[in-house]
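These notes are about the structure you will find just below.
Every read-out reported here was derived from the displayed coordinates using simple, explicitly stated rules and does not represent laboratory data. Because the structure is a prediction, the values reported are computed rather than measured. No Cβ is skipped: glycine too gets one built from the backbone with ideal geometry, and neighbour counts run over all protein chains shown.
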2 protein chains.
Amino acid sequence: MASAAAAVQQSAASTDFIEQPFFPNEPTGPMIKTEIPGPQSKAAIQQLDKVFDTRSLNMMANYQHSIGNYIADLDGNVLLDVYAQIASIPVGYSNPSLMLAATSPEMASAIINRPALGNFPQHDWASILETGILKVAPKGLDQVFTGTTGSDANELAYKAAFMWKRRMERGGDPNAEFTPDEISSSMNNHSPGSPALSILSFKTGFHGRLFGSLSTTRSKPIHKLDIPAFDWPQASFPHLQYPLSEHVEENAREEQRCLDETERLITTWHLPPAALIIEPIQSEGGDNHASPSFFKGLRELSRKHNILMIVDEVQTGVGATGKFWAHEHWNLSDPPDMVTFSKKAQTAGYYFGNPDLRPNKPYRQFNTWMGDPARAILFRSIIHEIERLDLVENTRRTGEYLYEGLERLSSQFPGEIENLRGRGQGTFIAWDSPRRDEVLRRAKGVGVNIGGSGERAVRLRPMLIFQRHHADILLDGMQKIFKS
Amino acid sequence: MASAAAAVQQSAASTDFIEQPFFPNEPTGPMIKTEIPGPQSKAAIQQLDKVFDTRSLNMMANYQHSIGNYIADLDGNVLLDVYAQIASIPVGYSNPSLMLAATSPEMASAIINRPALGNFPQHDWASILETGILKVAPKGLDQVFTGTTGSDANELAYKAAFMWKRRMERGGDPNAEFTPDEISSSMNNHSPGSPALSILSFKTGFHGRLFGSLSTTRSKPIHKLDIPAFDWPQASFPHLQYPLSEHVEENAREEQRCLDETERLITTWHLPPAALIIEPIQSEGGDNHASPSFFKGLRELSRKHNILMIVDEVQTGVGATGKFWAHEHWNLSDPPDMVTFSKKAQTAGYYFGNPDLRPNKPYRQFNTWMGDPARAILFRSIIHEIERLDLVENTRRTGEYLYEGLERLSSQFPGEIENLRGRGQGTFIAWDSPRRDEVLRRAKGVGVNIGGSGERAVRLRPMLIFQRHHADILLDGMQKIFKS
């Protein structure tokens, strides 16, 4: 790797810090033995296709052979993985600390004795929450409702918002009884029992694929076609121009336009919103960013009009932006009402702080499993590993280094890297590419597994153990593709 | 246990088979040391309530101390558990065979390297499916889409049904392209892209609590109040009179009435159904049964009107009715289009057979995790354990024995056991009780953990390892409560 990037890395390292590899037994680089998929993988894909849809298959992986930042396939190919199971692997494949947790008697019992947590929690559930999920709770939020996936987490948050909004409409009294009309109409899916309320989301946002969450998802038609949806409102998300420093005024005007539109929808939509939901960085929808002042504006609007603000940190949460939660970048003095999480947490749910967000009666927010203690135990170990190795700081620093390298590449190949974005957001970096799908495909040939987002963005979602020497491999690989 | 029930058991056993305990290290009976919750549990509940809603809490359990059919709490109380985590524990707490699977290197890798199955499945995913989930696929259904919970499984099935129905409306051509109007309207949640279609469900049915599944759930207002819902149709579920043998004609008329109403809704509802969904036995809604001819009638109606039939086996599936799938009791010549599962499977998803139920393009039915290999590996072990111990047959036989015992109790205490139901349905037995909540509460005092369903049913949901000697303990306990 006698590349320019490596040379820069060496000199930066000498004046900055000496980088210790987190995974001493990681491969030193990618290894490409066959085209991908190779013959073994092709045979396995053919077998799998008989019983399971494989048309979205990207690689047939062997996880027992995958280590740290490297994903292995069935043909002996080993790729640097900066997609990481759609941003879901936090601290590396086959991480030894997680392996200890996964082979503990506590984990075995959690796997085979899965409880109905709402009825029969295990004796140490409070401790598992307090030393894990709640230890990293966003500022101002000290309670959690656990779930199973990001979509599920968002829908649970929507339900909490609707129950809260109806309580407010009843004057806020937690002891107010439901009227006979509410009770009977709810069983017919009609108002007032099933209220004429909505969740406001933003264009090109993604919040999941279940019926409620999909109604708030606005990323791509392929997610939504043929599926009935609620007639809920969508506001414009700012469409910023890059580089940011050259478009300060236009971008501020654009954000104000979106705030005005949001306020108009909150006050005029025929199904009034109980909450708005927003991603700190729209991920699936194309890596769209907005400034802290935009999000502060949303917090003010939601307070002004008495609706809740839900921050969807399913993809941005757990360290990837150089903060544990991406919304910490905003420095809100008034925290969001709810923050949802999943993916790198390897479990899911929503945080909240306001006691009014506990429904007024039991069994209103409830389901059989209400999460999975096995996954909560794993998240606790992930948190310990992040702290032990200071991985949020690692991600912040590696992100800076990677961003600088991409800036240089973008000067060198301006037709290949457009609208580079994510400065100061850890490794949560993306750019637009005029030949995106070709770049992603050819990346495998240079030993890197990368994903896209939106129509034409290349999105980087490395793990939190991604270091400078991995960034060098990625930068070299990109350079090779752009040169060719 | 010198009880009448035990005496019957002895004589039955001698002419029938000698019962070998499946769990040699199980307690020989319940042990009650304190009131429930006892002092240790109360302290733990108080601690948990600070961060997690405990108002639906039933018992604070210690699963490491729970074995086989017995659940242990923090105060040393040990109860025979015939509720089993809302019907979700299949082969006993701390089952040694499952423990082997849970501590295998394969499981550890699955826990810490959770893949995005649709993009990066693990190399042995086909084998895990074929030797597990698909080995027990209902007749006629040879493919599976994996998910995470029962609600999720049902919503995935609904999405498959909507995509299928729209394809049929386009003439069935899998290569028909979406129109520009469909594409743009779908992004606004409007028809035709978000079609004006529905899922038909049945009164007092339960299919989950997410927004789509909750729109089909009609069990209790507390599940539905304040949550927006789709204006989807609900048909009456037969309200049978007991004992069945004394009400043959009325019940047949009642079932025909419900079939006629279903047909009327299919042909006239303003949002035409793409599918109907039904439970073989309505569980959460009060343990409501119907005859095989009713279900055959639904299969005929759904064929006649070109809509799909989804059978929700989330609670009835995996052996509890004395068949692996409860709908096998119907002897349909034409299988259901989809069957959903969760709970005792410890994973979730839907089975289907028709290739048309694979959407015409990738990424239409998709999400990040698409299930969990760890849970699929566990289900494979559960299936092996069920086969090794012949547990479906055990459940059929124990169910017969238990039903007879309850019939005797119901003659003895006719005011306590009304509308006893579930004959020939394994241990999936219930009855109505004029003082249901008191019976459930007092059951703990005699060492048994039981659940309710609907407004006044006592529902039995023992595990598949429930044997005659456990049935005797349950019958004795009930007798004590009824006598008091």
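What to note about this one:
- Too-long pairs where the Cα-Cα distance tops 28 Å, listed order kept, from B:LYS135/B:LYS159; A:LYS159/B:LYS50; B:LYS224/B:LYS323: B:LYS224/B:LYS323
- The protein assembly as shown: radius of gyration over Cα atoms, expressed as a fraction of 2.2 N^0.38 Å: 0.93
- The distance from the alpha carbon centre of region B:372-396 to that of region B:113-180 is 22 Å, rounded to a whole number.
- Point-charge dipole on Cβ atoms (K/R +1, D/E -1) for region A:155-308, about Cα centre, debye to 20: 220
- Inter-centroid distance (Cα atoms) of region A:58-101 relative to region B:411-443, Å: 52
- Beta bridges by DSSP in the protein assembly as shown, antiparallel share as percent, to the nearest 5: 65
- Proximal charge balance of B:GLU385 [Cβ under 14 Å; K/R count +1, D/E count -1]: +1
- When +1 charges are put on Lys and Arg Cβ atoms and -1 charges on Asp and Glu Cβ atoms, the dipole computed for the protein assembly as shown relative to its Cα centre reaches about 40 debye.
- Shown for B:SER94, B:SER291: other C-beta atoms within 10 Å of each C-beta, ranked fewest to most, produce the order B:SER291, B:SER94.
- Averaged over the residues of peptide B:198-208, the number of Cβ atoms from other protein chains lying within 10 Å of each residue's Cβ is 1.
- Extreme residue, positive dipole direction of region B:106-387, given options B:ILE310, B:THR146, B:ILE112 (C-beta unit charges): B:ILE112
- Calculation over all alpha carbon pairs of region B:132-175 in 5 angstrom steps from 0 returns a P(r) of 5, 18, 18, 22, 20, 11, 5, 0 percent.
- Across the identical copies, the label point of B:SER293 (7 Å from Cα in the Cβ direction) is separated from its matches by 7.6 nm, in order from shortest.
- The mean number of Cβ atoms from other chains found within 10 Å of a Cβ in peptide B:133-139 is 1, as a whole number.
- Antiparallel bridge percentage (DSSP; both residues within chain A; nearest 5): 65
- Overall dimensions of region A:301-368 by Cα: Rg and Dmax, Å: 13.7, 39
- Relative contact order %, region A:116-387, counting alpha carbon pairs below 8 Å whose residues are six or more apart: 30
- Less than 5 angstrom separates the built amide H of A:GLY349 from those of A:GLY147, A:ALA153, A:PHE341, all sequence-distant by 5 or more or on a different chain.
- Relative contact order for chain A, counting Cα pairs under 8 Å that sit 6 or more residues apart, in percent: 22
- Antiparallel %, DSSP beta bridges [both residues in region A:116-387], to 5: 45
- Quotient of Cα Rg and 2.2 N^0.38 Å for region B:106-387, N being how many residues it contains: 1.01
- Peptide B:90-98 - average C-beta neighbours from other chains (10 Å radius): 2
- Size of electric dipole in region B:12-95: Cβ of Lys, Arg +1 and of Asp, Glu -1, about Cα centre, debye, nearest 20: 300
- Ordering A:TRP431, A:LEU225, A:HIS247 by Cα displacement along the dipole of chain A toward the positive end leaves A:LEU225 in first place; charges were set at the Cβ atoms of Lys, Arg (+1) and Asp, Glu (-1).
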